[in-house]
1. Given R₀ = 22 Å, FRET efficiency for residue 376-residue 287 by Cβ-Cβ distance, to 0.05?
2. When only C-alpha pairs under 8 Å and at least 6 residues apart count, what is the relative contact order of segment 11-250, in percent?
3. Cut-off under 25 Å on the C-alpha distance; same-chain residues fewer than 8 positions from residue 188 excluded. Which lysines are left, in chain and number order?
4. Can you work out D for segment 104-187 in µm² s⁻¹ from Stokes-Einstein, where Rh is the Kirkwood radius over C-alpha pairs, the temperature is 4 °C and the viscosity is 1.567 mPa s?
5. Segment 240-337: which trypsin sites (Lys or Arg not before Pro) are DSSP loop and have at most 13 other beta-carbon atoms within 10 angstrom?
6. Evaluate the Debye formula for segment 11-250 with equal point scatterers sitting on the alpha carbons, no solvent, and hand back log10 of I(q)/I(0) at q = 0.17 Å⁻¹, in q order, two decimals.
7. Please turn the phi angles of segment 122-127 into ³J(HN,Hα) values with the Karplus equation 6.51 cos²θ - 1.76 cosθ + 1.60 (θ = phi - 60°), one per residue in order, whole Hz, x for glycine and proline.
8. 5 Å is the cut-off here: which amide hydrogens, built 1.01 Å from N in the peptide plane, fall below it relative to residue 55, excluding neighbours closer than 5 in sequence?
Amino acid sequence: MTERTTNEVQPETVAAAHGVASDTAFGAIAPPLYLSSTYQFADFDTPRAYDYGRVGNPTRDLLAEAITKLEGGAGAVLTPSGMAAVDILLTRLPVGSLVLAPHDCYGGTMRLLKARAGLGQLRLALVDQSDHAAFTVQLAGKPALVLIETPSNPLMRIVDIAALSALSRAAGARVVVDNTFLSPALQKPLSLGADYVLHSTTKFLNGHSDVIAGAVIAADGGEARALRHWANVTGAIAAPFDSWLTLRGLRTLFARMAGQERNAMAIAERLVAHPAVARVHYPGLADHPDHALARRQQQGFGAMMSFELAGGVEAVQRFVRAVKVITLAESLGGVESLVAHPATMTHVDMGPEARARAGIGDGLLRLSIGLEHVDDLLAGLETGLSAC
């Protein structure tokens, strides 16, 4: 058991109570929402703690503090979207820097990386990060930044954060891990050697499908300050109301993740047993190729999975028209269950050849499992599968 200091609290307490009863004006239990764009100076040439909303905001800073504590970092910057979180790291790199990314990363991330590379702002190398020999070969190119996504979107592949971080740092590269799928409730990349963690806080951290925002958490205090400065320079900052909503969502993170994971395991086990399903991708299943690694570096298996229908795209069409309770939509991580077809939705911009190389077929569906009653979820799923 890790030794804890007297003033340190458990992560669940941070999520539930950071900032509670901190209002000195009226004693409000819930932290106030500060919407002001500007703040009064105390005197000539004497700003207060806050002077302008782009530079800093009390509500945004409170959320940044909570997420930083949960990830075990030194500081965080909150951005207008998850893609902005990726981009704030990319745009701080010297022009022409090499970025090493997964060959099967999220379609939006791939689109951004290729767009920046196409403008000559960076060089991009893609590699199967589960192949450590191939990964080591790419490190010979001296990347400035290595992007890791685990579990991967949408195939739920797991890569070894500690091993890849050690290899990357030995080669002089900094490492960023996309922790959106698991959240700090289930995975702590900084403790495994990463330099940064990024999130689309739109997803599990907020948990209610009513915010678009992102975050980057740095292990080093100097890097955290540099990121906040760069966010001010570029204007890539999260709105106060979005920050307030996300802080409210964060209160139930651990409870939500636990309930969603229980539902996800039941769904995965039902999918495995169904004749219409060719393959299920969920690291919580004992026969998943990365199950042992997931058990070692994660604190749970999460609520995301994907599965392949034996009937291909025709079966997909029948399934999404017939399924109940689970809604056809992009995004993930909310309290409601969603199904997406990566080939025509989240990963459409990759193109058919890139999807084929990554293993994303036309019969693949991605599930984000919510908090509905498990019996209703299973019944709704069965309705969809029966139509296949």
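1. Details: r = 27 Å, r/R0 = 1.23.
So the FRET efficiency works out to roughly 0.20.
2. 25 percent.
3. Output for residue 188: 69, 203.
4. The calculation lands on 96 µm²/s.
5. 324
6. The Debye formula, applied to the Cα set alone, gives -1.24.
7. 8, 10, 10, 10, 10, 8
8. Hits under the 5 Å cutoff: none.
Any read-out appearing in this document is the output of simple, stated calculations on the displayed coordinates, not a laboratory observation. Nothing here was measured: the structure is a model prediction, and the numbers come from that model. Every residue, glycine among them, receives a Cβ derived from its backbone with ideal geometry; neighbour counts consider all protein chains shown.
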